[in-house]
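Below: the structure, in structure tokens.
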């Protein structure tokens, strides 16, 4: 796309963020993620116990919680220690049952994110309860699997950094730090792309059309984590305002900002689809109107955000009138 098209896409992202109520959607996703925190860690610890030492999870997770604000890191650490403690000695059928309940509890976050993606993609949820539950379960398990790969990769990079620094010198420390960050960005982008592809109720988009939004979501999440950590440490005094609840408030605020960044990435992908007349859906190319995705069946490139919103409101009014008739 030429630079002018990207400017149009950026303008519509800015305008439609308010139309979709991205702040309210992000707050809802953050709430569901907060509820899913404990079962999500339980699923991660239980699965990690199948391939490694469960007791080492806490040590490796310290690298991850270092990215988040201190109060939120302390809350995550407490939940993680609880999950590690309760998972010791769980084997066999008990392990499968515990893992199933943990994944089921963590599915609330996936369900909330799927609902937000439907709104961003202007889709109406038509999947049945069974299909919707299975989709949420698969996305949750995929997220846990990506987290496991990240944990194992971090351990491998740390071991390689230690071994090569002895043989090749201290410069390898910088190299493997860079490789660790590149691997983290790649894994994060892959996870967000999977959610953006299979979360909304529509024909999946081609992978290349998901790259800009998933990469933006990952970079925004990293920026939010570091930026909000600095804000909490040097500017905002949550302890003075919220007292003993400060850790929960900081954690929820961090989840809200992180969710907002992810949804901005999804909104970017949505507006990129709106910009082009090409078939952005998976499979062989189809004519417009037969692609199984609202935004892929529209051609509104070149329109301003206000014009798109006006046309969208007109379509909604026509649908409401048709239903009444």
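Bear in mind that the values in this text are calculations on the coordinates, not laboratory data. Remember, predicted model here, so these are calculated numbers, not experimental data. So basically every Cβ, Gly included, is an ideal-geometry build from the backbone, and we count neighbours across all protein chains shown.
Summary of values
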| item | result |
| --- | --- |
| Gain in span if fully extended, residue 24 to residue 3, counting 0.36 nm per residue against the direct Cα distance | 4.5 nm |
| Added length on full extension, which subtracts the Cα-Cα distance from 0.36 nm per residue, residue 74 to residue 198 | 41.4 nm |
| Extension gain (nm, one decimal) between residue 96 and residue 248, 0.36 nm per residue minus Cα-Cα | 51.6 nm |
| Spin-label model distance (nm) - residue 178 vs residue 285, 7 Å beyond Cα toward Cβ | 3.9 nm |
| Approximate shape of segment 185-256 as ellipsoid semi-axes (Cα gyration tensor, √5λ), whole Å, largest first | 33, 14, 7 |
| Ranking of 250, 13 by count of other Cβ atoms within 10 Å, fewest first | 13, 250 |
| Neighbour-count order for 77, 290, fewest beta carbons within 10 angstrom listed first | 290, 77 |
| Distance between modelled label sites at residue 211 and residue 153, nm, 7 Å Cα→Cβ extension | 1.7 nm |
